[in-house]
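**Student:** I have a structure here, written as structure tokens, and I will follow up with some questions on it.
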Amino acid sequence: MIKKGDFVRLNYTGSADGHVYDTTVEATAKKEEIYSPKTKYGPVVVVIGERHLIKGLDEGLVGKEAGKHSFDIKDVDAFGKKDAKKLQLVPMKLFAKENIRPFAGLQVNIDDTMGIVRSVSGGRVIVDFNHPLSSKDVHYDVEVEGIIT
């Protein structure tokens, strides 16, 4: 049985709204068209209870045996709810200074924080710094290969 503090080797595939967004399985990445040659695929080693995984998955693995498991995780235990404080008004002149023409959907990096432009009107740009999967329930298929002793 897995308990907090155990080192566990596992593979996982995470999805939201029926679309895979993360996996450690190379064949799945290729099938779902999210494959990146820069990514190292294969089992990962995590410490249970140390938040190496999202909260719902971390807590869900406690008490499980090695093998395959599926988890449906609510938004609050995944990437959290959207936070209105993470919507920020950014002056257009900041973008103009960098020769960027912002548009809705543009991913931007401001002060080393990734965000998505939500709207552009006049001299104002609203940028959303919430995690792209915030306020979404997620699903994980996990194969625990074993507990490392």
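**Student:** For Lys74, what is the net charge nearby, where nearby means another residue's Cβ is under 15 Å from its Cβ and Lys, Arg count +1, Asp, Glu -1?
**Tutor:** Net charge around Lys74: -3.
**Student:** A follow-up question, please. If R0 is 35 Å, what FRET efficiency do you get for Glu98 and Ser135 from their C-beta distance, rounded to 0.05?
**Tutor:** About 0.75, to the nearest 0.05.
**Student:** Something else now. What residue among Lys38, Lys55, Lys68 has the largest mean-square fluctuation in a Gaussian network model of the chain, using Cα springs under 10 Å?
**Tutor:** Result: Lys38 has the largest fluctuation of those listed.
**Student:** If you don't mind, there's one more thing I want to ask. Starting from the Kirkwood radius over alpha-carbon pairs of the chain, derive D by Stokes-Einstein at 25 °C in a medium of 0.890 mPa s and give it in µm² s⁻¹.
**Tutor:** D, rounded to a whole number, is 140 µm²/s.
**Student:** Still on this structure, I have one more. Arrange the following residues from fewest to most other Cβ atoms within 10 Å of their Cβ: Lys97, Lys86.
**Tutor:** So the ranking, lowest neighbour count to highest, is Lys97, Lys86.
**Student:** If contacts are Cα pairs under 8 angstrom and at least 6 residues apart, what is the relative contact order of segment 84-128 in percent?
**Tutor:** Relative contact order, segment 84-128: 43 percent.
**Student:** For the chain, with only Lys/Arg (+1) and Asp/Glu (-1) charged at the beta-carbon, what is the dipole magnitude about the Cα centre, in debye rounded to 20?
**Tutor:** Roughly 620 debye for the chain.
**Student:** Determine the calculated [θ] at 222 nm for the chain from helices alone, applying -39500 (n - 2.57) to every DSSP H run no shorter than 4 residues and normalising by the residue count; nearest 500 deg cm²/dmol.
**Tutor:** Per the formula, -3000 deg cm²/dmol.
**Student:** While we're looking at this one, here's another question. Arrange Thr113, Thr23, Thr149, Thr13 by Cβ neighbour counts within 10 Å, fewest through most, would you?
**Tutor:** Thr149, Thr113, Thr13, Thr23
**Student:** Still on this model: What pairs from Lys4/Lys31; Lys64/Lys136; Lys40/Lys64; Lys4/Lys55 go past 23 Å between their alpha carbons? Spell out each step's value before the answer.
**Tutor:** Details: Lys4/Lys31 33 Å; Lys64/Lys136 25 Å; Lys40/Lys64 26 Å; Lys4/Lys55 12 Å.
From the list (Lys4/Lys31; Lys64/Lys136; Lys40/Lys64; Lys4/Lys55), the Cα-Cα distance tops 23 Å for Lys4/Lys31; Lys64/Lys136; Lys40/Lys64.
FYI, it's all coordinate maths here, none of it is from the lab. These numbers were taken from a predicted model, which means no experiment stands behind them. Every residue, glycine as well, gets a Cβ built from its backbone with ideal geometry; the counts of neighbours run over all protein chains shown.
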